[in-house]
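Note sheet for the following structure.
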Amino acid sequence: MVTVALAGNPNSGKTSIFNALTGARHHVGNWSGVTVERRSGLCLMGSIEVEVVDLPGTYSLAAQSEDERIAARFLSAPEVDVIVNVLDASNLERNLYLTTHLLELRRPMVFALNMVDDAERQGIRIDLKALSTLLGGPVIPTVGNREDGMEELKEAILRVFARQESTVRPITVAYGEDIDRELTKLEREIARDERLVAERAPRWLALQLLDHAPEAEALVEQSHARIAIGNQVEASLAFLEKHLGADGTTLLAERRYGFAHGLMRETVLTTGTGQRTRTDRIDTLLTNRWLGIPIFIAIMVGVYALTFVAGRYPQDWIAAGFAHLHTWVSSHIPQGELASLLVDGVIPGVGAVVVFVPVIMLLMGCIAFLEDTGYMARAAFIMDRLMHVMGLHGKSFIPLIMGTGCNVPAVQATRTIESRTDRFITILVSPLISCSARLQVYIVIAGTFFAPIHAAFAILAMHFLGFGLAMTMGKVLRLTFFRGENAPFVMELPPYRLPVLKSTLIHMWEKGRIFLSRAGTVILAGATLVWFLSHYPGIANRQWTAERQQQEEAVRRQKLSPAEESEKIATVQLAYESRVMNSSLAARFGKILQPFLAPILDPDHTRTEAWKDGVALTAGFVAKEIVVGTLAVVHQAPAEKAGEATAQSPLQETLRRHSGMTPLTALAFMVFTLLYTPCLGTIGMILKETQSWAWALFSIAYGLALGWLVAFLTVHFGRMLKFV
Ligand code: GDP
Ligand code: MG
């Protein structure tokens, strides 16, 4: 016997549909042990006899009332074959809230969109096809009290039962990273008890437990794993309370409303004159077709302005701190390899990254704040259409925005994207977004070779180029490696709320920590490696060291004024370092790379120092901000002098005089730096998130190819346009 359960809100028309399906062939009794009415009846669908059960009307499946407990118990028990979710079309959003609970049962479902006559009268038009796709089951319009749509409903039930319905797809509500993590932990504890797992889906139980549902609590009470499960429930609830500032029930309800609201916004074409909540009213403005994007751009401009203006102060303090450390180490540690490792390798390398921490933290803080208010979900919603054109989804937009700070947290942020292919495409294109580390390279290079206003345009152009290429590559990947696997999903629009400061700070810290830990590990190792490659074998040459010491002695014997003496000593040091550098492994490697880079960085074969670009770019593989430091080392630019405000830094002066770059090759250098490969930290994160060496290596290979190609085109077209 096939069992079909009718579930829905009170007054959605369940009993009318029940009567229409079963005719006179039903009986009424009480549910076992309680006095709530139980109606069930038989119905012939095709040649199959089906038992239809009319359940008490409910708004959720986790509440305390007798009716809801009966519905929850019956629906989650194994004997139900198909659930028919009766939806009141004139109150779709409210009705869809229960649907989020029903979807979690992971049962074959049919959606009876009832009261379509009422809805039509109120001017509500619903996109049935979109609704069916997003709900992952057939949607049948019905008018219960006139028995309209009953044949179609029966056919759909049979198709779903026989697994012949093409629209059926498991749908999940995205609860966000924090809640999902706790759910997974809880599922693991639940899985300790096989009997429990056999009776209920672990995820359903986990959700119910976080929701304080009495049904689930009663079930767990009988389990031998009740203590472990109970402890985990308590730990998870405490964690969520601390991180998100609300109880499990509230948080789950918010996400479910977000699902219902988002689904409604995507499928209801014209809303009637129903009651409008505060969220509705704000959304009419913020997700408006015409105003949505300009508002978003204005908000982001504000965020960046705040980030860079407020971030400057701590950035200066940290830079000053590293400068002091640098001076202290160079005057307290005797000259030699250790001093050189610290002074020329570790301190500048790590310092270059650490100065970015305040800016990254502020940017992540702003994004966390916008996320916690619920606005970021709207940003994804309004960008959705645009992103679809390029083969991406609206949810891919948030990681790309975060990528402007740092690509590493961006790759990690793709976790919110449910569809695996969408997620992989987003992971693979996010390194093309220009991050703040690359900004440093642009500032130095563009500032050297362009007039200030042109430099600003060039830097802006890099950001647009990165974003444009991310979109294009998204489309290319969709058409090649990830063909036709684009599954649509609901974009949750949770209610707006004022973020709790503490939880925003925690989220900011979690996002920024990734960046900080990178500076502590990868960059430290990278800076050491770059130092080694650019100082060996020269630094170990005793004769050179001795010659240098003799020259320094000679200078000191001249008894010059202190200023003159230190200047001459600096010249001696520079000459020595230059000698070491030019004989180093890095120099040899740069020369090997030379033929590969010549077409883009030295098209006329006139630059004798072009190999130094190769060294800097190779070092930039570790982290792009190292490019600047390495340029300074390989070109032997004199150190920055504190308190000396000049239009161009010593490095820029040196580059302008000696590097032989033209504005055009400088632009090609910037383009290549933008694209040529993700930094080591990003590659590590890609590896972690895709669990695949193949994709990690792919991201390097296609970046190199793309970077070379676009830089080559830049030079080529630049020539044609007589831009030198
Ligand atoms: P239940 O609480 O879900 O069992 O809902 P009922 O079946 O008792 O229906 C509630 C009310 O809505 C009754 O007055 C029905 O006649 C009416 N009704 C049911 N289906 C429809 C429909 O499709 N259109 C309209 N206009 N009214 C309906
Ligand atoms: Mg009823």
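Kindly state, to the nearest 0.05, the FRET efficiency for residue 281 paired with residue 335, given R0 = 56 Å and r defined as their beta-carbon distance. So the FRET efficiency works out to roughly 0.20.
Taking R0 as 51 Å, what's the FRET efficiency between residue 588 and residue 234 from their Cβ-Cβ distance, rounded to 0.05? According to the calculation, E is roughly 0.25.
Peptides 285-298, 405-418 ranked from most to least packed by the mean count of surrounding Cβ atoms within 10 Å: 405-418, 285-298.
Against the main long axis of the alpha-carbon atoms of the chain, helix 248-267 sits at an angle near 90°. For the pair residue 701 and residue 324 in one chain, pulling the backbone fully straight at 0.36 nm per residue adds 131.7 nm over the alpha carbon distance.
For a bin width of 10 Å, list the pair-distance distribution of region 314-407 built from all Cα-Cα distances, rounded to whole %. It works out to 15, 29, 20, 16, 13, 7, 0, in whole percents.
Each stretch of four or more DSSP H residues adds -39500 (n - 2.57); spread over every residue of the chain, this sum gives -20000 deg cm²/dmol at 222 nm. Protein heavy-atom accessible surface, 1.4 Å probe, per residue over region 2-161: 39 Å². What angle, in degrees between 0 and 90 and rounded to the nearest 10, separates the Cα long axis of helix 524-535 from the longest principal axis of the Cα atoms of the chain? Value to nearest ten degrees: 30. In loop segments of region 654-724 as defined by DSSP, the trypsin sites (Lys or Arg not before Pro) with at most 10 further C-beta atoms inside 10 Å of their C-beta are 722.
Centre-to-centre, using Cα atoms only, region 384-458 and region 218-242 are separated by 40 Å.
Between residue 249 and residue 420, the distance separating the two model label sites (each 7 Å from Cα on the Cα→Cβ line) works out to 3.8 nm. Seen against the Cα atoms of the chain and their longest principal axis, helix 420-429 is set at about 20 degrees. Put a dot 7 Å past the Cα of residue 521, heading toward its Cβ, do the same for residue 451, and the two dots end up 4.8 nm apart.
Taking the empirical scaling 2.2 N^0.38 Å for compact globular proteins as reference, the chain has a Cα radius of gyration ratio of 1.20. Under 5 Å from the amide H of residue 148 lie the amide H atoms of 143, each residue being 5 or more positions distant or on a separate chain, with H modelled from the backbone and absent for Pro and chain starts. A full extension of the chain between residue 575 and residue 198 corresponds to an added length of 128.1 nm, given 0.36 nm per residue minus the alpha carbon distance. Just check region 438-515 against the gyration tensor rule for me: Cα atoms, a ≥ b ≥ c as the square roots of the eigenvalues, rounded for a/c under 1.5, and otherwise prolate or oblate depending on whether a/b exceeds b/c. Oblate, since a/c reaches 1.5 and b/c is not below a/b. Ratio of Rg to Rh for region 436-476: 1.10 [Cα atoms; Kirkwood radius as inverse mean 1/r over pairs]. In order along region 180-189, the phi-based Karplus estimate (6.51 cos²θ - 1.76 cosθ + 1.60, θ = phi - 60°) of 3J(HN,Hα) comes to 4, 4, 5, 4, 4, 4, 5, 4, 5, 5 Hz; Gly and Pro are listed as x.
If you plug the beta carbon distance of residue 162 and residue 389 into 1/(1 + (r/R0)^6) with R0 = 51 Å, you get a FRET efficiency near 0.85. Measuring nothing but how far apart in sequence close Cα pairs (under 8 Å, 6+ apart) lie, relative to its length, the chain scores a relative contact order of 11 percent. Take the Cα of residue 191, step 7 Å toward its Cβ, do the same at residue 35, and the gap between the two points is 4.6 nm. Within region 2-161, DSSP assigns beta bridges of which about 40% are antiparallel (rounded to the nearest 5).
Summary of the geometry: region 173-191 and region 64-107, compared by the centres of their Cα atoms, lie 21 Å apart. Computed extension length for residue 222-residue 693: 165.0 nm, one decimal, from 0.36 nm per residue of separation with the Cα-Cα distance subtracted.
Name the residues of region 674-712 whose amide N is less than 17 Å from a point 7 angstrom out from the Cα of residue 479 along the C-beta direction? Once the point is set 7 Å along Cα→Cβ of residue 479, 706 turn out to lie under 17 Å by backbone N, inside region 674-712. In order along region 398-405, the Karplus-derived 3J(HN,Hα) couplings, from 6.51 cos²θ - 1.76 cosθ + 1.60 at θ = phi - 60°, round to 4, x, 5, 5, 5, x, 5, x Hz, and Gly and Pro are given as x. What a 1.4 Å probe finds exposed on the chain is 62% carbon and sulfur by accessible area, rounded to a whole percent. Would region 81-175 count as rounded, prolate or oblate if I go by the C-alpha gyration tensor, calling it rounded below 1.5 in a/c and otherwise prolate when a/b exceeds b/c, oblate otherwise? Cα axes put region 81-175 in the oblate bin. Beyond 25 Å in Cα-Cα separation lie the following of the pairs 242/624; 154/395; 395/688; 14/154: 242/624; 154/395. 3J(HN,Hα) couplings calculated from phi for region 506-516 with the Karplus curve 6.51 cos²θ - 1.76 cosθ + 1.60 (θ = phi - 60°) are, in sequence order, 5, 5, 4, 4, 5, 6, x, 4, 4, 5, 5 Hz; Gly and Pro show x. Cα centroids of region 604-635 and region 1-54: how far apart, whole angstrom? Here the two parts' Cα centres lie 76 Å apart.
The residues neighbouring residue 266, those whose beta-carbon lies less than 14 Å from its own, together hold a net charge of +2 under the Lys/Arg +1, Asp/Glu -1 convention.
The shape of region 2-161 comes out rounded: with a ≥ b ≥ c from the C-alpha gyration tensor, a/c is under 1.5.
The values are calculated or read from the model by the stated rules, or taken from the named source; none is laboratory data. Because the structure is a prediction, the values reported are computed rather than measured. All Cβ positions, even for glycine, are placed from backbone atoms using ideal geometry, and neighbour counts span all protein chains on display. For accessibility, only protein heavy atoms count, side chains too; no ligands or nucleic acids. Shrake-Rupley method; radii C 1.70, N 1.55, O 1.52, S 1.80 Å.
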